[in-house]
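The values are calculated or read from the model by the stated rules, or taken from the named source; none is laboratory data. Keep in mind that this is a model prediction, so the values were computed, not measured. Please note: Cβ atoms are built from the backbone with ideal geometry, for glycine as well, and neighbour counts cover all protein chains shown. Just so you know, the surface numbers come from the protein's heavy atoms only, side chains and all, with ligands and any DNA or RNA stripped out. Shrake-Rupley method; radii C 1.70, N 1.55, O 1.52, S 1.80 Å.
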Amino acid sequence: MLRSLHMKLVMIMVLLILSLMTVVGAFLINSVMVFYLEDFYSQMADVFSRESLSRDLTTEAQGEEDGAQAILDVIRSYSGELGLDGSNRTLYILDGETGAYLAGTDDGAGQNLDYNSVNLTRALADGTEGSQANLAEDYMDVALPFQRGDEPYVIYILDNKSTVNALISQIFVLILEALIFGLFISVLLSFLLSKTMVIPIQRLTEGALRVAEGDFSRRIDVDSRDEIGELTDTFNRMARQLRDTLRQAENERNKLDTLFLHMTDGVVAFSRDGAVIHSNPAAAEMLGSAIGTQTRYGELFGEIAPLYEVLDVQDHVAGERQVGERYLELVMAPFDREQRGGVLVVIHDVTERRKNEAMQREFVANVSHELRTPLTNIRSYAETLSESAGDIPPSMQKKFLGVILGESDRMTHIVQDLLTLSRLDSGRDELRLARFPFLRAVQDLYHAVYMEAQRHSHTLELSVPDEDTEIVADRERIVQVMMNIVSNSIKYTPDGGKILISAGRQGDWVWMQVDDNGIGIPKEDRPRIFERFYRVDKARSRQSGGTGLGLSIAREIVLRHDGQLKLVDREGPGLSVRLELRIEGPSHG
């Protein structure tokens, strides 16, 4: 009975607040609407009743070519008083006979003007002022016909009520907030009026609701020591035990959710009917398409294996897919057979593995090819010497032995370069960083290769500033890179060419650039010039003793220094190679 009385009190207070706020809200909203409507027409009447404005509108200027534009210019001088803003309240100048749009503050809306307005219809049809207010319409408008010279015009001002609608929305929010506050007060008063026997039961009910919603943070306090008090204590113990149990389960679930969301492999779970249950971001990113609740198994993996087939397997079904440049490995397996679960698909990105396998195959093929050529030459010349030992003149024998020694040196260079690359790749070849003058090293390089350039009749020039800069780097390795760049330029520039070695400092970097007028590198070969064993002219490279590894080694050394080794675009024949290094050395130390 007490509880029934309490509920009646609550309902009476709630209905009272609702009724009061409804009446007040309706009155306020209607009053605001009427006020703005009256203010609009009052404002229009006040402005257009002015004698000066009427004179300016009806008097045609001498030599006037565009009456509508002249009218628009006149009205614009009163735009502030008329409240014209070009968006909420707009002006249109219409032909008084046809109603065609001539000018205005919004040409786009003027071309698509709605002529269903009562005021506009009256002005166009009867030639009388249209200023009838209508609360039911979602706009306010006024249409004023007049004669300018011999031409009839209609000034049509349209307000879309955005201002009043915004104010009404604010009033509605205020009324809603007041309503919520009033409801809160009514509920509070009903609790204050409740009897002592009802309060413990209400607290227990509220506690049960909070526990049902997952809120175990508050304990129910009841001072009584009767049956209700014992029931409350029992409930509190139950809530604590349930909270601890759910907290442990939540921790485990959070661990699994974190692992699921941030794992690099993609995971998608489907129900038995093929609907998506769960998916992580990695899966959508790998597949290149969004995965939502409407996505079906058949859309994603139907061509790999039908759903019924995966549900019936004892272990799993494997498949592959290529998405763009990615290679994906799919593992599909059923889960929770007893509860008739669904299918779990795990997606592995094996692109890097495939690329590495392809690079490894290509690398082995290149090494085999590079070693086979000198080995074949050595064997051929050795067999010739062995089979015709007494018949070959000494000069020819010496020539054959020279070829064998040259091919052996070439194999030695290939093996040494491969060992160098291996050490760089594995990180075993540590940099011996030290501070040394960079421009001095460039000058030493110039003197070291000068004679070699002279043998090819090259013109070798050096351009460096007077002030040197000390850098932190592995001097031996950097000189090796420089020597490789300049040696290539000397080798691949036809005799009598010109080679320029320049160097300098730019901010926190130093640079060296080698420019020549040699054979250059075709545009299509430039992206691959730093690849291992890649050579533009393989025959000429082998003839000059090149292994195709020099630039690869140079680039690895420069990358270890956090520097850059690149080809510079230039006009005309030849090639420009630029080396850039940090003055303070690599950031990784």
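Which of the numbered conditions does Phe172 fail, given that it passes all the others? Conditions: (1) over 30 Å from Val10 (Cβ atoms); (2) in contact (Cβ under 8 Å) with a residue 40 or more places away in the chain; (3) open to solvent by 50 Å² or more (accessible area, probe 1.4 Å); (4) part of a helix (DSSP H, G or I). Single failed check for Phe172: (1). Hey, does the stretch 554-572 have a residue that's in a strand (DSSP E or B), farther than 24 Å from Leu431 by Cα and at pLDDT 80 or above? Yes, the stretch 554-572 contains a residue that is in a strand (DSSP E or B), farther than 24 Å from Leu431 by Cα and at pLDDT 80 or above.
When the stretch 202-217 is examined, which residues are found to be assigned to a loop (DSSP other than H, G, I, E, B) and modelled with pLDDT of 70 or more?
Within the stretch 202-217, the subset assigned to a loop (DSSP other than H, G, I, E, B) is 213-217.
Matches in the stretch 202-217: Glu213, Asp215.
Just one of the listed residues (Glu65, Glu129, Glu81) is among the acidic types (Asp, Glu), surrounded by fewer than 16 Cβ atoms within 10 Å (Cβ to Cβ) and under 30 Å from Ala166 (Cα atoms), namely Glu81.
For the stretch 390-400, the count of residues that are farther than 30 Å from Arg560 by Cβ, in a helix (DSSP H, G or I), open to solvent by less than 40 Å² (accessible area, probe 1.4 Å) and at pLDDT 65 or above is nonzero.
For Trp509, the conditions (1) touching a Lys or Arg at 6+ places or on another chain (Cβ under 7 Å); (2) modelled with pLDDT under 80 are fulfilled apart from (2).
This table checks each residue for (1) over 24 Å from the mean Cα position of the chain (by Cα); (2) closer than 23 Å to Thr264 by Cα; (3) hydrophobic (A, V, I, L, M, F, W, C).
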| site | (1), (2), (3) |
| --- | --- |
| Ala282 | no, yes, yes |
| Tyr297 | yes, yes, no |
| Phe301 | yes, yes, yes |
| Pro306 | yes, no, no |
| Gly319 | yes, yes, no |
| Glu329 | yes, yes, no |
| Ala333 | yes, yes, yes |
| Asp336 | yes, no, no |
| Ile347 | no, yes, yes |
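Only residues that are in contact (Cβ under 8 Å) with a residue 24 or more places away in the chain and among the charged types (D, E, K, R): list them for the stretch 77-99, please. Scanning the stretch 77-99 gives Glu81, Arg89, Asp95, Glu97.
Name the strands (runs of 3 or more DSSP E) wholly inside the stretch 240-347 in which the number of residues that are open to solvent by 50 Å² or more (accessible area, probe 1.4 Å) is 1 or more.
Filter on the stretch 240-347 gives 276-279, 317-323, 326-335.
For the stretch 458-479, the set of residues classified as surrounded by 15 or more Cβ atoms within 10 Å (Cβ to Cβ) and within 14 Å of Ala554 (Cβ to Cβ) consists of Ala473, Asp474, Arg477, Ile478, Val479, listed by residue number.
Yes or no, residue by residue, for (1) touching a helix residue (DSSP H, G or I) at 6+ places or on another chain (Cβ under 6 Å); (2) part of a loop (DSSP other than H, G, I, E, B); (3) at pLDDT 90 or above:
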| residue | (1), (2), (3) |
| --- | --- |
| Ser457 | no, yes, yes |
| Leu460 | yes, no, yes |
| Pro465 | no, yes, yes |
| Val472 | no, no, yes |
| Gly504 | no, no, yes |
| Ile519 | no, yes, no |
| Arg526 | no, no, no |
| Arg535 | yes, yes, no |
| Ala539 | no, no, no |
